[in-house]
Amino acid sequence: MDNGYKAVMARKNEILKGSLGIDFARFESGGIAFDYEAMMGSIGYSFEEIAEIQRRQSVGNTPLIELRNITKLARHCSKAGFGARIFVKDEAANPSGSFKDRRAATAVFHAKKMGYKGVAAATSGNYGAAVASQAAAQGLGCIIVQECYDSRKVGQPEILEKTRKCEAYGAEVIQMTVGPELFYKFLTVLEETGYFSASLYSPFGIAGVETLGVEIARQVREITAKEGRERDADMVVVTHAGGGNVTGTARGLARAGSGAEIVAASVNLKGLHMASDRQFNRKSFTTGHTGFGFPFATFPDRSDMPRSAGRPLRYIDRYVLVNQGEVFYMTELLANLEGLERGPAGNTSLCAAFALAQEMPQDRIIVVQETEYTGAGKHIQPQLSFARKNGVKLSFGDPKNEIAGENIILPETPHLIQARDVDLTAMRGSFIRHYVKNFRENGGDEISDGDLAFLAAETKSSEKFVREILEG
């Protein structure tokens, strides 16, 4: 077969169908809409079965920890009577050290059940380690395709740490320079090996995260019941990158009947392009930032699936940004005040929660949805040193003056930490325009009633809102 770039990309739907066992065409309407819930149900496992798969692999049922000292500090920074109780779901307790084990467990179990000899994933994040860990436990081969270098072959400490972890679990890691070739290489690996596609964005992965939302709801109720009045969390803050984290957690909370407000949080890397060779190493976070958070929210099907199961705008109630310096500062606070040393990227949601808690009365509950492990390359010191070597200036001051890629400003005092709101209405409009443009570029004409209903559901809005955007 022709293995040139264009030829392989033209075969992508066929390759993905064979490597996942899901015929995405079954869910298409012929227009913009597709049957999302039918796609989610196509994996063939009930919620209870997924929870049992995870339990057998020692995944999930992680502790929910009240951050009493950080809560006390938030109240010190708040006006009288404010400063919600802050809890954190300690996902670092999973086998590979992050919530990504939940996404990997179901996918790798299914690959084993269906007779695949191995699994593959394209990721530079914690997910690679999760897939490698689960593959080792199931006795399957594993290949991780990782974008980790700029054109000078200089790699970020955090990404190289994840390479080490994947290899420690016995996986083969294919390291690549930044650029559009990552997905192409991943497709060729699937085609050449016949391995299962353990994609971040498959229904298997998103369904696996639902257990996290259910556990949060259950644990908050158990804690508050012991205190004399059972209740739900008022707000759950979720680090947002590709959208699967928000989607799965929100679906789980809804499954448990929790009405908690869903807040997405990303690190503000405005101005840095993720595919830019020069800018690749001028950021201190490889995930959980706006370089993924914005494009994957407004056009989720840019992922390595024909239809991504991560649909963040369906579930987000609020979207906030924090700066790099603020996250590094909160990482140190978590270690110094609570005795929990966790990776900076996972503390994005903690940083946002610290600021948001100050907007809420003291009897309210805010849950930070996850932590992640830390290690040699994921620690704040090598990341700050790497930033300095790449010409990024480090200082203490007011983080609002931080410019991504130029400087990192650690807050002089915790009072300066802020959660800055993103205009969700504008993002919803962008989503609608993306999908209508794509539909028409592929020969579409009339927007059907089904398409209108789909766009309204996808943007958590109304058909009236969708019509207003189309008319504009």
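The values are calculated or read from the model by the stated rules, or taken from the named source; none is laboratory data. It should be emphasised that the depicted structure is a prediction, and the values quoted were computed from it without experimental measurement. All Cβ positions, glycine included, derive from the backbone under ideal geometry; neighbour counts span all protein chains shown. Note: areas computed on protein heavy atoms with side chains; ligands, DNA, RNA excluded. Shrake-Rupley method; radii C 1.70, N 1.55, O 1.52, S 1.80 Å.
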Exercise. What is the residue count in segment 7-16 for residues that are touching a residue at least 24 places away in the same chain (Cβ under 8 Å), assigned to a helix (DSSP H, G or I) and not aliphatic (A, V, I, L, M)?
Worked result: 2
Exercise. If you go through segment 313-322 one residue at a time, do you hit one that is within 23 Å of LYS162 (Cβ to Cβ) and modelled with pLDDT of 90 or more?
Worked result: yes
For this session: Pull up segment 158-182, narrow it to residues that are assigned to a loop (DSSP other than H, G, I, E, B) and within 26 Å of GLY139 (Cβ to Cβ), then point me to the one that is least open to solvent (accessible area, probe 1.4 Å).
Result: ALA171
For this session: Go through the residues of segment 84-96 one by one and say whether even a single one is within 26 Å of ALA260 (Cα to Cα), of a type in the set (A, V, I, L, M, F, W, C) and touching a Gly at 6+ places or on another chain (Cβ under 8 Å).
Result: yes
Exercise. Can you tell me which residues in segment 428-457 are in contact with a Phe, Trp or Tyr (Cβ under 9 Å, 6 or more places away or on another chain), open to solvent by 30 Å² or more (accessible area, probe 1.4 Å) and acidic (Asp, Glu)?
Worked result: ASP445
Exercise. Consider TYR373 against the criteria (1) free of Cβ contacts under 8 Å to residues at least 60 places away in the same chain; (2) surrounded by fewer than 23 Cβ atoms within 10 Å (Cβ to Cβ); (3) of a type outside the set (D, E, K, R): it satisfies all of them except one. Which criterion is unmet?
Worked result: (1)
Exercise. Quick one: in segment 243-259, which of the residues that are open to solvent by 10 Å² or more (accessible area, probe 1.4 Å) and not in a helix (DSSP H, G or I) is farthest from ARG102 (Cα to Cα)?
Worked result: GLY259
For this session: Out of SER266, SER276, report the one residue that is farther than 30 Å from GLU230 by Cβ, in a loop (DSSP other than H, G, I, E, B) and either free of Cβ contacts under 8 Å to residues at least 12 places away in the same chain or of a type outside the set (A, V, I, L, M, F, W, C) (or both).
Result: SER276
Exercise. Of all the residues that make up segment 335-371, how many are modelled with pLDDT of 95 or more, farther than 23 Å from SER258 by Cα and among the aliphatic types (A, V, I, L, M)?
Worked result: 3
Exercise. On the given criteria, is ALA132 free of Cβ contacts under 8 Å to residues at least 24 places away in the same chain, of a type outside the set (S, T, N, Q) and assigned to a helix (DSSP H, G or I)?
Worked result: no
For this session: Answer yes if at least one residue in segment 200-219 is open to solvent by 10 Å² or more (accessible area, probe 1.4 Å), over 28 Å from ARG311 (Cβ atoms) and either among the hydroxyl-bearing types (Ser, Thr, Tyr) or not in a helix (DSSP H, G or I) (or both), and no otherwise.
Result: no
Exercise. Outside any helix (DSSP H, G or I), over 25 Å from ILE403 (Cβ atoms), at pLDDT 95 or above and of a type in the set (D, E, K, R): does that describe GLU230?
Worked result: yes
Exercise. Just to be sure, is GLY30 out of contact with any strand residue (DSSP E or B) (no Cβ under 7 Å at 6 or more places or on another chain) and on the phi > 0 side of the Ramachandran plot?
Worked result: yes
Exercise. Given the conditions (1) open to solvent by 10 Å² or more (accessible area, probe 1.4 Å); (2) part of a helix (DSSP H, G or I), and given that SER151 satisfies all but one, which numbered condition is not satisfied?
Worked result: (2)
Exercise. Which one of THR348, THR331, THR425 is surrounded by fewer than 21 Cβ atoms within 10 Å (Cβ to Cβ), assigned to a helix (DSSP H, G or I), under 24 Å from the mean Cα position of the chain (by Cα) and of a type in the set (Val, Ile, Thr)?
Worked result: THR425
Exercise. Regarding GLU402, is this residue open to solvent by 10 Å² or more (accessible area, probe 1.4 Å), of a type outside the set (A, V, I, L, M, F, W, C) and closer than 20 Å to HIS240 by Cβ?
Worked result: yes
For this session: Only residues in segment 380-400 that are charged (D, E, K, R) count as the first member; pair them with residues that are open to solvent by 10 Å² or more (accessible area, probe 1.4 Å), Cβ under 6 angstrom, at least 6 apart or cross-chain, and list the lot.
Result: ARG388/LEU394; LYS393/ASN407; ASP398/LEU416
